[in-house]
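Here's the structure, in structure tokens; my notes come after.
The values are calculated or read from the model by the stated rules, or taken from the named source; none is laboratory data. Treat the numbers as computed from the prediction; the structure is a model and nothing was measured. Cβ: placed from backbone, ideal geometry, glycine included. Neighbour counts: every protein chain shown. Note: accessible area is taken over every heavy atom of the protein model, side chains too, but ligands, DNA and RNA are not part of it. Shrake-Rupley method; radii C 1.70, N 1.55, O 1.52, S 1.80 Å.
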Amino acid sequence: MTKEHKQIRLWRSPQTLSSAWQAALLPALMLPTMLHAAGQYEVEDADLIAPNAIESEIWHSDKDKATFANATTRLQGNWQVTAEVESLRNKAQENYVLEGKWLLRSLDPHGYGVGLFGGFEYDRDNEEIAESFLLVPYTEGFANERVFLHVNLGGVYDHDDNDADGFWGLAVEGGLGGPFEGVAEIFSTGGDDPAWQTGLRAVIFDDQVTVDASWIENEESGEGGWAFGVGIQPVQF
């Protein structure tokens, strides 16, 4: 969620809610499954993995030649912790991210969930915390919880520049039928024009493995690219 994080994973910020926003969200709004957002997606859900479990993900940004891997652990409480490694090949550097999520209200049985999500990014080359972030994720289910809306509001703090920026994001996700699910999101940091991302997910092997492919578009710079990811669903302990 840091600025460096966004520059690599999201190519930060595109332009307007017009045709790009409609193209991203209309397919998802037509979907008939709460889906944990894959690491390549930026908007966070107000939900947790299963208790006493570990989930892991790896994904690759084709545009920026960057690879990411993380593992999320939850015990019995209403919180979870995620550790992430970022290999930024275009910059020949590696960063570490630590994230935590705490639910104030769970999606079940209330029909909506609210939480706190925060963390920081450690710059290994400079041996310092580069950025930190804190946001409030909100999730609500619709159409008998076949479609979910996620709303994020928060901020990002750049430790190098001693500068804070706001962050907002919206996402819609739901089932397309069979093992396939659709995801679409739009988000922005500070005064930047929003970026959007939309993708397709396949949930296979009895919901133990997810495969994601998504496209992110930066209309302001005219840049876009693919991201591909694989997630391994809960390993119970």
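Of the GluC sites (Glu not before Pro) found in the stretch 103-194, those in coil by DSSP whose Cβ has at most 16 other Cβ atoms within 10 Å are Glu127, Glu145. Computed over neighbours whose Cβ is under 12 Å from that of Val172, the net charge equals -4, Lys and Arg +1, Asp and Glu -1. Accessible surface comparison of Trp168, Trp59, Trp196, probe 1.4 Å, protein chains only, largest first: the order is Trp168, Trp196, Trp59.
The mean sequence distance of close C-alpha pairs (under 8 Å, at least 6 residues apart), as a share of the length of the stretch 53-236, puts its relative contact order at 16 percent. Reported to the nearest whole Å, the Cα centre-to-centre distance from the stretch 133-166 to the stretch 181-237 is 15. If you sort the three axes of the alpha carbon gyration tensor as a ≥ b ≥ c, you get a/c under 1.5 for the stretch 78-237, which makes it rounded. Within the shell defined by Cβ-Cβ distances under 13 Å, the residues around Asp47 carry a net charge of -4, with Lys and Arg each +1 and Asp and Glu each -1. Reported value for the stretch 68-140: 98 Å³ per residue, from the convex hull of its C-alpha atoms.
Between beta-carbons, use under 9 Å as the cut-off and find the net charge around Gly113, counting Lys and Arg +1, Asp and Glu -1. Result for the local shell: -3. Per-residue Karplus couplings for the stretch 175-180, computed as 6.51 cos²θ - 1.76 cosθ + 1.60 with θ equal to phi - 60°, are listed in order as x, 9, x, x, x, 9 Hz, Gly and Pro entered as x. Counting only protein chain heavy atoms and rolling a 1.4 Å probe, the accessible areas of Phe117, Phe205 rank, largest first, as Phe205, Phe117.
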